[in-house]
Amino acid sequence: MNVNEVAESINTIAKFCGLRDIDVLSQSNLQSKYGFQRADVLILFGGSIPYGCDIAAQAILNGVANHFMIVGGVGHTTESLRQKLKQSYPQIETDGRTESEIMAEYIKIRYKIEPDWLECESTNCGNNVTNALAILKQNHIPHDSIIVIQDSTMQRRMVAGFKKHCNSKIISYAAYTNPVVVNSNCLAFEHDDIWGMWDIEHYITLLMGEIPRLTDNADGYGPNGKQFIAHVDIPQEVCKAFDALQTQYVDSIRIANPKYATNSSAVDSKEISNRDDLENQLLIHKAIEFATLAHDGQKRKGSNVPYIVHPFEVAQILTLQGASEQVIVAGLLHDTIEDTHVTIEEIQTLFGKEIAHLVAGNSENKTLPWEERKQHTINYMKENATFEEMMICCADKLSNLRSLKSDYMILGEGLWKRFHRGKEHQKWYYDSLLNALSSLCDYSMYEEYITIFHNVFDE
């Protein structure tokens, strides 16, 4: 599979996921296709890149809807949205605010438009839909026709969510279209002026995560699986593109760095991901060095594997899930308080208050009995943890489960002899955390957690 075939496969999946029912959101197009000039409601979802705000605002200015709602609490795209808005509009306060609040303030500043409602509690596509519909019903707002704008990678799933929960006419309009092209034998985006566009590697990861969710089988989100969405028919060419990328993409394709892409001088430096920023890279390297020294000489339970492999894997998982640099750093450091001589004061001095808080939220008090400290972790993740703390916990436990699965294949039931608390206790703990972390259900790491949990404990 050459790089041109890879680009073609990516675009096949992207076109399918990024559904647009009409070419342009205008009154004339609505009239021509649906027989009305204005939909009842236009809903912008916080999972979109910032460019989606511009698309929604222009649509409202074009008079395509009677009401305007923005939906989104804190989820897996929140930190990226905060960073990108803050870079371009430093006057907007983003820390601790929800996606819908941040988007609403930007649209008010830029377009002098205020939404009729903000939904600030939802954490994933499923309750994005149900919470939005609940607001419309509570306020007795007609919603026979709804324009839906979401990030293009998640657009089709969002539409399928609405089709499960209501009978409204859903008009799908993905936030952007940005085909992948080949420049100098590397993948690049055709358009470099889409504000807040994902880097290509993360974009592909998002697309690849959608097809398993949309597939209506026992593992998918449809009626035959988790029942989050309505049935979706996936064309054969999309399945073929997904299969081809799944088997060949990771090992065979080099991703172009936007700094060195064609016409790179036209790329606003504000649009380059913070992960490419030198300051953040130095912070991550500092954390790697610190964690390596702190865990020096330690081994993983019952093996000769250096302990540092575990926090490295946690950081890798978080990176693949699109976590911020601070969350990645906290993932690298998450066991230093619990298992080494390091103190929380040292973490705060060297890495700052926010990272120290994330590390503390994922540290146990080992002076307490096993049952008591595990129950405390479960309760904390269920009731008090921030979304970022839950991400670290999920990545941590997934790394542990991967190790358990690998060792179980060699040792069988003898594996449990290495633990003070045996299989049933371990199963209770990982199952309880799985429920406590359910707001991460849209993440691939959460799905992998589920799969490995059943592989290990249901034998």
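A compact table of results
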quantity	calculated
Only one of GLU364, GLU388, GLU325 that is crowded, with 21+ Cβ neighbours inside 10 Å, charged (D, E, K, R) and at pLDDT below 90	GLU325
Qualifying positions in region 333-350 - within 30 Å of GLY412 (Cα to Cα) and surrounded by 21 or more Cβ atoms within 10 Å (Cβ to Cβ)	HIS334, ASP335
Boolean, ILE200 is within 21 Å of GLN83 (Cα to Cα), hydrophobic (A, V, I, L, M, F, W, C) and crowded, with 18+ Cβ neighbours inside 10 Å	yes
Checklist (1) touching a helix residue (DSSP H, G or I) at 6+ places or on another chain (Cβ under 8 Å); (2) in contact (Cβ under 8 Å) with a residue 60 or more places away in the chain; (3) among the polar types (S, T, N, Q) applied to ASN131, failing item	(1)
Output for region 171-193, where each listed residue is surrounded by fewer than 19 Cβ atoms within 10 Å (Cβ to Cβ) and either under 22 Å from the mean Cα position of the chain (by Cα) or assigned to a loop (DSSP other than H, G, I, E, B) (or both)	THR177, PRO179, SER184, ASN185, GLU190, HIS191, ASP192, ASP193
Only listed residue being among the hydroxyl-bearing types (Ser, Thr, Tyr), under 19 Å from SER432 (Cβ atoms) and over 20 Å from the mean Cα position of the chain (by Cα), chosen from THR336, THR377	THR377
Qualifying positions in region 57-78 - under 24 Å from the mean Cα position of the chain (by Cα), surrounded by fewer than 23 Cβ atoms within 10 Å (Cβ to Cβ) and over 13 Å from MET103 (Cα atoms)	HIS76
Every pair of residues 6+ apart whose Cβ atoms lie under 6 Å, when the first sits in region 91-102 and is among the charged types (D, E, K, R) while the second is surrounded by 13 or more Cβ atoms within 10 Å (Cβ to Cβ) and not in a loop (DSSP other than H, G, I, E, B)	GLU99/THR78; GLU99/LEU81
Qualifying residues in region 4-44 (those that are in a strand (DSSP E or B) and charged (D, E, K, R)) - the one nearest to ALA174 (Cα to Cα)	ARG20
Region 208-239 - residue that is of a type in the set (A, V, I, L, M) and modelled with pLDDT under 90 and, of those, farthest from the chain's Cα centre (by Cα)	ALA218
Which listed residue is over 23 Å from LEU332 (Cα atoms), of a type in the set (Asp, Glu) and touching a residue at least 12 places away in the same chain (Cβ under 8 Å), from ASP458, ASP396, ASP431	ASP431
Residue that is farthest from GLY361 (Cα to Cα) [pool: residues in region 292-333 that are among the acidic types (Asp, Glu) and within 20 Å of the chain's Cα centre (by Cα)]	GLU313
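The values are calculated or read from the model by the stated rules, or taken from the named source; none is laboratory data. Bear in mind that the values here come from a model prediction, so they are computed numbers and not experimental data. Note that each Cβ is placed from the backbone with ideal geometry, even for glycine, and that neighbours are counted across all protein chains shown.
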